[in-house]
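All remarks here apply to the structure that follows.
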Amino acid sequence: LDFREERRGNMSSDDLRAIAALRAAWTNAVAARNPDALQELLTDDYEVWPHGGPPMIGPAAATAAMRGAVERFDIVQSFEPVETVVAGDWAFERGIERMTLTPRGGGEKREIEQRTMLIERKGEDGKWRFARGITNLGTA
């Protein structure tokens with residue numbers, strides 16, 4: 001089976017649009033330096049395993065980490081889905097995350113490209129939220 005982004009005709013286009021909107025809401029909040037806006041995009045049991053770092057467990061931890069990042073950097077972030085699978089109220093995506101971090105206090109700009117796995121869950125309110133994530137630096 002081939003579930004790459006361009007070949008997912010059997011999945012609900014409403015769900016796929018909502019998941020794309022979720023990703024866009026995340027990158028827009030980061031670009032706006034508004035980590036508090038991320039809270040509503042995460043499940044209560046959210047957990048992410050960043051490359052080389054300890055797990056971040058819960059929306060408060062993720063928001064605090066992002067607050068620290070946007071205080072130090074202007075961040076431009078994107079996610080290029082390679083595969084998106086929706087199965088009921090769960091979805092997973094694997095793709096390439098790209099970030100440009102420009103130090104707010106001056107210094108050299110940093111480019112990051114990493115493989116990323118995202119798991120989203122649709123809540124009882126019908127909204128998709130990020131539930132889990134893992135990143136891995138290296139050749140995308």
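The values are calculated or read from the model by the stated rules, or taken from the named source; none is laboratory data. Just so we're clear, the structure is a prediction, and the values are computed from it rather than from any experiment. Because the Cβ atoms are built from the backbone with ideal geometry, glycine has one as well, and the counts that use them run over all protein chains shown. Calculation scope for accessible area: heavy atoms of the full protein, side chains included, ligands and nucleic acids excluded. Shrake-Rupley method; radii C 1.70, N 1.55, O 1.52, S 1.80 Å.
Given an 8 Å cut-off on Cα distances and at least 6 residues of separation, report the relative contact order of the chain as a percent. Contact order relative to length: 24 percent. Sites count as exposed loop sites when they are trypsin sites (Lys or Arg not before Pro), lie in a DSSP loop, and have at most 16 other Cβ atoms within 10 angstrom; the longest stretch of the chain without one is 34-103. Modelled spin-label separation between residue 136 and residue 49, with each label point placed 7 Å from Cα along the Cα-to-Cβ direction: 1.0 nm.
At a Förster distance of 22 Å, what's the computed FRET efficiency of residue 37 paired with residue 72, Cβ-Cβ distance as r, to 0.05? Rounded to the nearest 0.05, the efficiency is 0.75.
Of the chymotrypsin sites (Phe, Trp or Tyr not before Pro) in the stretch 44-131, not one is in a loop by DSSP (not H, G, I, E or B) with at most 10 other beta carbons within 10 Å. Using only Cα atoms and rounding to the nearest 10 degrees, what angle (0 to 90) does helix 13-31 make with the longest principal axis of the chain? With both axes taken from Cα atoms, the answer is about 0 degrees. Expressed as a whole percent, the accessible area of the stretch 24-140 that falls on carbon and sulfur atoms is 53 (1.4 Å probe). Estimated purely from DSSP H runs of n ≥ 4, each contributing -39500 (n - 2.57), the mean residue ellipticity at 222 nm for the chain is -8000 deg cm²/dmol once divided by its residues.
The GluC sites (Glu not before Pro) of the stretch 36-140 that DSSP puts in a loop, and whose beta carbon has at most 12 other beta carbons within 10 Å, are 108, 124. Compared with the dominant Cα axis of the chain, that is its longest principal axis, helix 59-72 is turned about 40°. Using DSSP, restrict attention to beta bridges with both residues in the chain and report what percent are antiparallel, rounded to the nearest 5. Taking every DSSP beta bridge within the chain, about 90 percent pair in antiparallel fashion.
At an R0 of 30 angstrom, the distance between the Cβ atoms of residue 65 and residue 125 translates into a FRET efficiency of 0.75.
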